[in-house]
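Novice: Got a structure for you, written out below as structure tokens; questions coming shortly.
No value in this document is a laboratory result; all are computed from the given coordinates. Bear in mind the structure is a predicted one, so any value in this text is a computation, not a measurement. Glycine gets a Cβ as well: all are built from the backbone with ideal geometry, and neighbour counts include every protein chain shown.
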Amino acid sequence: MVPFLFSEEAHYFCGYVNSSLFRLAVKSYSVHGTGGFGFLHTLGNVKVLSYINEDQNCVELAKLYSRAHENAPKGYSGDESAQAELRDSAKQIDRTARLLGLSEEKLQNIYRSLKELKGE
């Protein structure tokens, strides 16, 4: 379990670890079939930048994930509007990868790599 004092920190963390960038890092690090994503040791090997309240990128990521979290129950129950909102939130969350200085081209490379790892 990862403890947080404030909901903004928790939403930031969840947005970060649900981003395509983090998923690619975990898939690259983990051995297929071992459930590596679920183990806390992954957090010791794949860096998550700390939440900084004054950093607008951190605040924005927390808000985006909070919105996605609110839409998830409707989206998973078949609400097409909520599903579209979730897809939009996921794209916007990935764009906050600019926290790490990633260009749009690098983000597209991450998407391609994730598709390759899925066998698409």
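Novice: With Cβ to Cβ distances under 15 Å as the rule, what net charge do the other residues near Val46 carry (K, R +1; D, E -1)?
Specialist: Net charge in that neighbourhood comes out at +3.
Novice: Next up: Taking all pairs of different Cα atoms in the chain, averaging 1/r and flipping that mean, what Kirkwood radius in angstroms comes out?
Specialist: 15.2
Novice: Relative contact order of segment 7-118: what whole-number percent is it, with Cα pairs under 8 angstrom and at least 6 residues apart?
Specialist: Values: 95 pairs, mean separation 37.4, N = 112.
33 percent.
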